[in-house]
1. Mean separation of Cα pairs under 8 Å and 6+ residues apart, divided by the residue count of segment 3-86: what relative contact order is that in percent?
2. Charges on Cβ only, +1 for Lys and Arg, -1 for Asp and Glu, centred on the Cα centroid of the chain; of Thr15, Tyr31, Leu99, which one is farthest towards the dipole's positive end?
3. Rounded to the nearest 20 Debye, what is the dipole magnitude of the chain about its Cα centre when Lys and Arg each give +1 and Asp and Glu each give -1 at the C-beta?
4. Stokes-Einstein D for segment 57-113 at 20 °C, 1.002 mPa s, Kirkwood Rh over Cα pairs, in µm²/s?
5. Which of the following values of Rg and Dmax of the Cα atoms in Å was calculated from the structure shown: (1) 14.6, 42; (2) 13.2, 38; (3) 15.5, 51?
Amino acid sequence: MTLEHLEEAIRECNTGDLAFNNRGDLQCFLYKNRWYPMIAVVKRALEIANQPDPNLNSRNALFKLFSVLTYVRYQNIEVENNQLVDLTDHERLNEINYLMRIISQITEENQEV
């Protein structure tokens, strides 16, 4: 699976062509300010790549995401009526602040070496 396969699966999800479960604890990953159902998108990306995995679970899906994305943010999201959840402005700012803290910590650690 490559980034191109993942993005194609994400496009299908955005257009409503990718079916996924609606539930309050759906494990999702953040991509371009939108939460996507992790297992459904990764499973579809693997199918597009001709690498289907009928036994895909959350842990393996997360591992696959880490293999193509530099940074992966995931959490359980409440999804209703197959409507994808976008970050609010406040959540975007929190995410930016979180990433800035991480970058700052990494920079400080590298300066100590």
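Please treat every number below as a calculation from the coordinates, not as lab data. What you are looking at is a predicted structure, and each value in this text was computed from that prediction instead of being measured. In this analysis, Cβ positions are derived from the backbone assuming ideal geometry, glycine residues included, and neighbour counts consider all displayed protein chains.
1. Values: 117 pairs, mean separation 34.6, N = 84.
That works out to 41 percent.
2. Thr15
3. Details: 11 positive and 17 negative charges, 41 e Å.
For this selection, approximately 200 debye.
4. Values: Rh = 14.1 Å.
D = 152 µm²/s.
5. Checked against the structure: label (3).
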